[in-house]
Amino acid sequence: MAVVQRHGRLDVAFNNAGTCVLGKVADLDRESWEWVPAVNLTEVWLSMKYEIWRMRGRVPASS
């Protein structure tokens, strides 16, 4: 993490993601549908999870 290497710690973070798949619901395949919450929710959650570990001064052993 470049911020920690440069400044020694992480004090604040801003997480934002947003994507969509354009088209009619009836025409979407499952992979396209599942991609949206994977980006909009899961990626933000993963960022927050590891940022919190850094802010607490601990790094998880594994993901």
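Computed quantities for the displayed model
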{"item": "Angle in degrees between helix 44-55 and the longest Cα principal axis of the chain, rounded to the nearest 10", "result": "0 degrees"}
{"item": "Selected from GLU51, GLU43, GLU31 as most flexible by GNM, with the chain as the system and alpha-carbon contacts under 10 Å", "result": "GLU31"}
{"item": "Loop sites in the stretch 1-49: chymotrypsin sites (Phe, Trp or Tyr not before Pro), DSSP, at most 16 other Cβ within 10 Å", "result": "PHE14"}
{"item": "Computed [θ] at 222 nm, helices only, for the chain once each DSSP H run of length n ≥ 4 contributes -39500 (n - 2.57)", "result": "-11500 deg cm²/dmol"}
{"item": "Pairwise label distance in nanometres, CYS20 with SER32, each label 7 Å out on the Cα-Cβ vector", "result": "1.4 nm"}
{"item": "Furthest towards positive pole of dipole, VAL3, THR19, ASN40, structure part the chain, Cβ charges", "result": "VAL3"}
{"item": "Candidates per trypsin sites (Lys or Arg not before Pro) in the stretch 4-50, loop by DSSP, up to 11 other Cβ within 10 Å", "result": "ARG9, LYS24"}
{"item": "Neighbour net charge for ASN15 - beta-carbon separation under 11 angstrom, K R +1, D E -1", "result": "-1"}
{"item": "Compactness index (Cα Rg / 2.2 N^0.38 Å), the chain", "result": "1.52"}
{"item": "Check: the chain dipole with +1 on Lys, Arg Cβ and -1 on Asp, Glu Cβ, in debye", "result": "500 debye"}
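No value in this document is a laboratory result; all are computed from the given coordinates. Everything numeric in this text was worked out from a predicted model, so none of it was measured. Don't worry about glycine lacking a Cβ; one is built from the backbone with ideal geometry, like all the others, and counts go over all protein chains shown.
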